[in-house]
Amino acid sequence: MNNAPRVINSRAGLDSVLDSLDSEVMRAVVPTMGALHEGHATLIRRAREHVGPAGFVVVTVFVNPTQFAANEDFDRYPRTLQSDVDLCGEHGADVVFAPAIDEMYPTGPTQITVDPGPLGHVLEGAVRPAHFQGVLTVVNKLFNLTRAQFGFFGEKDYQQLVLIRQMASDLSMGVDVIGVPTVREPEGLAMSSRNRYLDPAAREKAELVPQGMQAGISVAATGGSGDDVMSHVQTFFAERHIDVDYVVVTNPELGPAPESGEGRLIVAVRVGSVRLLDNCPIHLGVRS
Ligand code: PAF
């Protein structure tokens, strides 16, 4: 598929397209901050498959200032709108909604925000205290503005996915939040818009992240507990001089790891000035 999507910058423009749709047309949104890559392309294709050829797929491209702290990379976050629009067209989006900051926050940051609750203050939330409040608030606005029935998000940012799903459910938003498995480079590195910050030496080190997770999976496969997996993965990174922010094993909803059954291995490390997040499903205990 390769149809140039409509690029819309204003809420009024988006409203008039949405008003023109028949009420039975299924509507999906793929929220992004741009700098799109194959991971996003997969989300767009999944959205298109889900709503069908007659459905409506909007990709939002908005680098949301309220989810960045003052010391973070908001200013240097890659902005590549024309190639993003091309990618959206190649993978079946109808519309790219790319508002300016004033369009999203006409009176400045919202006075009412979405509180992410206790899960928003652990893992990434402990390292980036206001991050998930900013993410949930903007995703809530994007769901409203796009009148979405389905929202597609990558599992790469696993805590974000869990929180958005919880928000949609707790606040009865009527949006079905669909998680899509992480897309990886051939060497296993999870695709991320921030990978472009990695120089060749850092990239080589970053490729050890999926290897560390694989080492954890092997420990679980031989009967190791969640604690065994965590300490093994931490040692794997320490021996390779990779700074760890956290390595945890949880259940799929980010609660305590089960003794046996499905869990999630979640890691955040620093390679030079770049933080890398990754995660994977992990089976604990002997399979019956
Ligand atoms: O994952 C992202 O790109 C962002 O956090 C999101 C969901 C688009 C909100 O700004």
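Here is a check on your reading of the model: is Gly263 surrounded by 15 or more Cβ atoms within 10 Å (Cβ to Cβ), at pLDDT below 95 and small (Gly, Ala, Ser)?
Working: surrounded by 15 or more Cβ atoms within 10 Å (Cβ to Cβ): yes; at pLDDT below 95: no; small (Gly, Ala, Ser): yes.
The answer is no for Gly263.
Among the residues of segment 225-274, what is the count of those that are part of a strand (DSSP E or B) and free of Cβ contacts under 8 Å to residues at least 60 places away in the same chain? Steps first, please.
Step one: list which residues in segment 225-274 are part of a strand (DSSP E or B), which gives 243-250, 256, 261-271, 274.
Pick out the ones that are also free of Cβ contacts under 8 Å to residues at least 60 places away in the same chain and you get 243-244, 247, 249-250, 256, 261-263, 265, 267, 270.
Residues that pass the stated criteria total 12.
Could you tell me whether Ala70 is among the aliphatic types (A, V, I, L, M) and under 21 Å from Pro106 (Cα atoms)? Reasoning before the result, please.
Details: among the aliphatic types (A, V, I, L, M): yes; under 21 Å from Pro106 (Cα atoms): yes.
Judged against the criteria, Ala70 is a match.
If a residue must be without any contact (Cβ under 8 Å) to a residue 40 or more places away in the chain and either surrounded by 21 or more Cβ atoms within 10 Å (Cβ to Cβ) or within 16 Å of the ligand (Cβ to nearest atom) (or both), how many such residues does segment 114-131 contain?
Residues in segment 114-131 being without any contact (Cβ under 8 Å) to a residue 40 or more places away in the chain and either surrounded by 21 or more Cβ atoms within 10 Å (Cβ to Cβ) or within 16 Å of the ligand (Cβ to nearest atom) (or both): 1 in total.
Pairs please, first residue from segment 43-72 and within 16 Å of the ligand (Cβ to nearest atom), second anywhere and outside any loop (DSSP other than H, G, I, E, B) and among the basic types (Lys, Arg), Cβ atoms under 9 Å, 6+ apart in sequence or on different chains.
Partner pairs satisfying both residue conditions: Val57/Arg27; Val57/Arg48; Val58/Arg27.
Can you tell me which condition Gly134 does not meet? The list is (1) away from the ligand (no atom under 16 Å from the Cβ); (2) buried (at least 20 other Cβ atoms within 10 Å of the Cβ); (3) part of a helix (DSSP H, G or I), and all the others hold.
Here Gly134 clears every test but (1).
Would you be able to tell me the number of residues in segment 156-178 that are within 12 Å of the ligand (Cβ to nearest atom) and touching a residue at least 24 places away in the same chain (Cβ under 8 Å)?
The total comes to 9.
Scan segment 188-202 and give yes if some residue there is more than 20 Å from Ala35 (Cβ to Cβ) and either within 11 Å of the ligand (Cβ to nearest atom) or in contact with a helix residue (DSSP H, G or I) (Cβ under 9 Å, 6 or more places away or on another chain) (or both), otherwise no. Talk me through it step by step, then tell me what you get.
Of segment 188-202, the ones more than 20 Å from Ala35 (Cβ to Cβ) are 188, 201.
Filter once more, keeping what is either within 11 Å of the ligand (Cβ to nearest atom) or in contact with a helix residue (DSSP H, G or I) (Cβ under 9 Å, 6 or more places away or on another chain) (or both): 188.
Checked segment 188-202: at least one residue is more than 20 Å from Ala35 (Cβ to Cβ) and either within 11 Å of the ligand (Cβ to nearest atom) or in contact with a helix residue (DSSP H, G or I) (Cβ under 9 Å, 6 or more places away or on another chain) (or both).
Of the residues that make up segment 162-174, is at least one of a type in the set (A, V, I, L, M) and in a loop (DSSP other than H, G, I, E, B)?
Filtering segment 162-174 for residues of a type in the set (A, V, I, L, M) gives 162-164, 167-168, 171, 173.
Checking which are in a loop (DSSP other than H, G, I, E, B) leaves us with 171, 173.
Yes, segment 162-174 has at least one match.
Would you be able to tell me the number of residues in segment 175-208 that are of a type outside the set (Gly, Ala, Ser), within 19 Å of the chain's Cα centre (by Cα), within 25 Å of Val249 (Cα to Cα) and part of a helix (DSSP H, G or I)?
2
Given the criteria in contact (Cβ under 8 Å) with a residue 24 or more places away in the chain, surrounded by fewer than 20 Cβ atoms within 10 Å (Cβ to Cβ), in contact with an Asp or Glu (Cβ under 9 Å, 6 or more places away or on another chain) and more than 29 Å from Val286 (Cβ to Cβ), does Asp199 qualify?
Values: in contact (Cβ under 8 Å) with a residue 24 or more places away in the chain: yes; surrounded by fewer than 20 Cβ atoms within 10 Å (Cβ to Cβ): yes; in contact with an Asp or Glu (Cβ under 9 Å, 6 or more places away or on another chain): no; more than 29 Å from Val286 (Cβ to Cβ): yes.
When the stated conditions are applied, Asp199 does not pass them.
The values are calculated or read from the model by the stated rules, or taken from the named source; none is laboratory data. In this text the structure is predicted, and so the values were computed from the model without any measurement. Neighbour counts run over all protein chains shown; Cβ positions are idealised from the backbone, glycine included.
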